[in-house]
1. GluC sites (Glu not before Pro), restricted to the range 88-197: which are DSSP loop and have at most 16 other Cβ atoms within 10 Å?
2. Under 13 Å from the Cβ of residue 107, count the other residues' Cβ atoms, weight Lys and Arg +1, Asp and Glu -1, and hand me the total.
3. Heads up, I need the accessible area for residue 169: 1.4 angstrom probe, whole protein in place, Å², nearest 10.
4. Let's test the formula: R0 of 35 Å, r as the Cβ-Cβ distance of residue 210 and residue 113. What FRET efficiency results, to the nearest 0.05?
5. What percent do you get for the relative contact order of the chain when only Cα pairs under 8 Å and 6+ apart count?
6. If the cut-off is a Cα-Cα distance under 19 Å, which lysines reach residue 257, setting aside same-chain residues fewer than 8 apart in sequence?
7. Find the accessible area per residue for the range 48-195; the probe is 1.4 Å, ligands and nucleic acids are left out, and the unit is Å².
8. Within the set of other residues whose C-beta is less than 11 Å from the C-beta of residue 85, count the net charge using Lys and Arg as +1 and Asp and Glu as -1.
Amino acid sequence: MELTLVQPDDWHLHLREGELLQAVVYHSANHFGRAIVMPNLKPPVTTTAAAVAYGESILKAVPAGSSFNPLMTLYLTDTTSPDEIKLARRSGVIFAVKLYPAGATTNSQDGVTDLFGKCLPVLEEMVEQNMPLLVHGEVTDPNVDVFDHEKVFIDTVLRPLTQKLPKLKVVMEHITTMDAVRFVESCEEGFVAATVTPQHLLLNRNALFQGGLQPHNYCLPVLKREIHRQAIVSAVTSGSKRFFLGTDSAPHEKRRKECPCGCAGIYNAPVALSLYAKVFEEAGALDKLEAFTSLNGPDFYGLPRNSSKIKLVKTSWKVPDSYSFSFGNIIPMFAGETLEWQASSL
């Protein structure tokens with residue numbers, strides 16, 4: 001069996017920098033036409049000038065002959081100015097602004113501490129500039145159970161935000177709960193959408209503990225109960241335009257995952273399209289795969305769909321146990337396992 005799809009884009013990707021960027025960009029450029037690149041570097045990408053420079057460094061690392069196009073983002077802070085949003089829009093290379101609640105995930109310590117108190121003028125300018133806000137939807141209150149971070153964020157931040165600024169385009173990143181599905185579906189189509197990762201479609205929180213602690217299945221937001229996984233699968237395979245592909249592929253060197261305080265993040269770029277196809281096939285919804293991978297994202301962002309195509313072939317292949325580089329190893333999602341779909345360019 002073969003499927004021909006409009007070339008997909010990745011609407012949530014971590015490419016890191018330096019040696020790590022050089023190592024991992026190939027896997028994304030090999031399959032995806034464009035990618036929204038996250039700005040949580042050290043230091044974070046908080047200015048238009050820094051985003052432009054980061055984009056140039058990515059393009060230098062892309063394999064020769066690739067047409068991969070990184071779409072840059074700004075990291076929202078308590079001190080971001082409306083003028084910076086105007087600059088970002090004029091740059092032509094920045095397509096969104098990322099909200100990390102301070103302390104929510106990797107390199108988020110510079111994130112927002114008071115969204116409504118300190119960022120409202122910036123958010124209002126984003127409405128004027130038609131600049132989407134990408135949201136890491138978790139509270140960081142230590143009194144809130146880790147499995148409730150997303151639900152509480154929706155109730156205390158996201159719902160009030162969409163009520164206050166109904167014309168602000170919002171993408172709720174890497175949704176993990178039935179609550180997030182219901183929230184996105186309750187909003188006006190075209191203004192609130194969500195990206196969905198392979199891991200949150202295929203794994204529940206049991207995957208963190210089966211056969212011992214599994215650090216390579218640890219990501220943020222953390223995996224949830226099976227009922228939540230099923231709700232997300234139902235949403236993305238329904239054909240709804242509100243959901244689209246965002247891998248949240250987040251590479252860390254093996255030693256930073258397998259240590260006393262391991263990093264959050266799953267490296268899925270080499271296997272993402274194979275895994276999305278698996279989900280849609282198991283749901284009997286392969287006819288809806290292309291919209292999720294290739295059409296809904298650019299339509300939401302107001303960008304043209306890709307003109308190039310890719311092919312997905314039903315053929316077994318084994319995921320490498322690891323990818324080795326001069327600085328160490330990176331373990332991919334489903335390392336060592338056999339997958340049933342393989343992507344290739346046309």
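1. Passing sites in the range 88-197 are 188, 189.
2. Its environment carries a net charge of +2.
3. Per-residue accessible area (residue 169): approximately 30 Å².
4. In this case the efficiency is close to 0.40.
5. 18 percent
6. The qualifying lysines are 42.
7. About 41 Å² of surface per residue is accessible.
8. -2
The values are calculated or read from the model by the stated rules, or taken from the named source; none is laboratory data. From a predicted model like this one, the values you see are computed outputs, not experimental measurements. Cβ atoms come from the backbone with ideal geometry, glycine included; neighbour counts cover every protein chain shown. Remember, those area values only see protein heavy atoms, side chains included, never the ligands or the DNA or RNA. Shrake-Rupley method; radii C 1.70, N 1.55, O 1.52, S 1.80 Å.
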